[in-house]
Every structure is written in structure tokens, then in C-alpha cells.
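Each remark here refers to the structure printed beneath this line.
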Amino acid sequence: TEVINWEEIKALQLAFFKSGVPHIDVPQDHAFFATMYKFASKHKIKHILTKTESANGQAWNNLTAELTSIQAEWKLIGRANAKENDKAWTEFRALCDSFFEKKKAFFHVMHEKLSEIKAQKQDLIAKVNAVKDSTDWQKTGLVIIKIQDAWKKIPHAGGDETKLFNNFRAACNHFFDA
């Protein structure tokens with residue numbers, strides 16, 4: 001009879017069984033790479049957040065597009081291990097929330113400024129409408145010219161600018177065409 005070393009046979013049998021399972025380390029590799037990609041995504045968002053400090057309206061729109069593409073990547077990456085995934089998701093979500101809160105605050109301030117500008121221009125339109133039917137050509141002409149100069153000094157009113165300007169121009173033309 002032949003004596004068999006059980007430890008050697010056990011190791012050989014284990015190696016045989018493992019060789020029959022294709023890609024046994026793939027789940028661990030996937031979790032590792034998912035964790036790394038999620039870490040990189042968080043740092044991309046942190047980089048985007050640093051850009052928001054000096055962003056204007058168009059830059060905010062570009063940064064939003066960049067952030068939504070990172071969010072789409074995040075969904076495609078898949079899960080890391082449960083503990084790391086929950087922690088990474090919490091941090092990722094907090095960074096995204098921070099970005100969108102800053103964006104909301106920026107556009108709130110921007111809308112307030114545009115509302116003030118719009119009100120100033122509507123006030124000038126009202127002033128021209130108040131004097132446009134006057135027959136004191138010399139005095140009224142100088143008043144309207146001063147109002148036109150004031151109009152030029154007021155910044156652009158955003159999406160309502162064309163409508164406001166057309167109303168202002170019509171009121172001025174009513175006087176000068178008379």
C-alpha cells in the first residue's frame with residue numbers, strides 16, 4: 001500500500017476546485033475598483049465646488065452638467081462593500097447637496113439683482129410715459145434725453161430686456177415723432 005500525505009492531497013483538491021471556478025477574485029476586484037472610482041468621483045466634485053466661488057451664470061450651467069455626468073458615472077460604477085458604499089454614498093450626496101445649495105443661493109441673488117434692474121427700467125419707462133404727451137418740446141426733450149442717459153447706465157435686465165427696451169423706445173418715439 002501507498003501512504004498518502006493528506007495535507008498535500010487536500011491542497012491539491014482545493015486547487016482543483018478553485019481552478020474550476022472562473023474568476024474567483026472578480027467580486028473582490030470589482031468592490032476594490034468601485035471603491036477607488038467612488039473616491040475619485042468625490043474628489044472631482046470637491047474640485048467642482050472650488051470652481052463655484054467665482055462662477056457666473058453660464059459657468060454654473062457648465063458645472064451642473066459636469067456634476068450630473070459624475071452622478072451618472074457613480075450609478076454605473078456599482079456597489080463597493082456595504083460599509084464603504086454607505087460611507088461613500090453619504091459623503092457623495094453631501095457634496096452634491098452642497099453644490100446645489102450654492103447654485104440655488106447664487107441664482108436667488110442673481111434674480112433679486114435682475115428684479116431690481118427691471119424695476120429701475122420700469123420706473124424710467126413710467127417717467128417717459130408721464131411726459132411723452134407734453135407740448136413743451138424744449139424742456140421735455142431735455143428731460144427725455146436725461147432719462148435715456150440714465151437708461152444706458154443701468155445694466156442689462158436679463159430675459160425681459162427686449163420687452164422693456166421696446167416699451168421705453170415706443171414711449172420716447174411717441175414724443176419725438178409727434
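The values are calculated or read from the model by the stated rules, or taken from the named source; none is laboratory data. What you see is a predicted model, and the numbers here were worked out from it, not measured in a lab. As a convention, Cβ positions derive from the backbone with ideal geometry for all residues, glycine included, and neighbour counts pool all protein chains shown. Surface accessibility is based on the protein's heavy atoms, side chains included, excluding ligands, DNA and RNA. Shrake-Rupley method; radii C 1.70, N 1.55, O 1.52, S 1.80 Å.
So here's what we get for this one:
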quantity	calculated
Filter pass, Thr162 being surrounded by fewer than 16 Cβ atoms within 10 Å (Cβ to Cβ) and either of a type in the set (Ser, Thr, Tyr) or at pLDDT 95 or above (or both)	yes
Selected residue (criterion: surrounded by the most Cβ atoms within 10 Å (Cβ to Cβ)) from residues of region 59-83 that are of a type in the set (Val, Ile, Thr) and within 17 Å of Ile48 (Cβ to Cβ)	Ile70
Selection count where residues are at pLDDT 95 or above and acidic (Asp, Glu), scope region 121-148	1
Qualifying position, being of a type in the set (A, V, I, L, M, F, W, C), in a helix (DSSP H, G or I), modelled with pLDDT of 85 or more and over 30 Å from His156 (Cβ atoms), among Ala88, Ala65, Ala72	Ala72
Every residue from region 148-178 that is of a type in the set (Val, Ile, Thr) and free of Cβ contacts under 8 Å to residues at least 24 places away in the same chain	Thr162
Any hit, region 103-123, residues being open to solvent by less than 40 Å² (accessible area, probe 1.4 Å), touching a residue at least 40 places away in the same chain (Cβ under 8 Å), within 27 Å of Leu49 (Cα to Cα) and in a helix (DSSP H, G or I)	no
Filter result for the condition that a residue is modelled with pLDDT of 70 or more and either charged (D, E, K, R) or on the phi > 0 side of the Ramachandran plot (or both), over Lys44, Lys18	Lys44
Residues of region 145-178 satisfying the condition of being in contact with a Lys or Arg (Cβ under 6 Å, 6 or more places away or on another chain) and in a helix (DSSP H, G or I)	Ile147, Asp160, Leu164, Ala171, His174, Phe175
Single residue of region 46-58 satisfying the filter (over 11 Å from the mean Cα position of the chain (by Cα) and closer than 16 Å to Arg93 by Cα) that is surrounded by the fewest Cβ atoms within 10 Å (Cβ to Cβ)	His47
Top-ranked residue of region 124-142 - restricted to ones that are of a type in the set (S, T, N, Q) and in contact (Cβ under 8 Å) with a residue 24 or more places away in the chain, ranked as most open to solvent (accessible area, probe 1.4 Å)	Asn129
Failed condition for Arg79, given (1) of a type in the set (D, E, K, R); (2) at pLDDT 90 or above; (3) not in a helix (DSSP H, G or I)	(2)
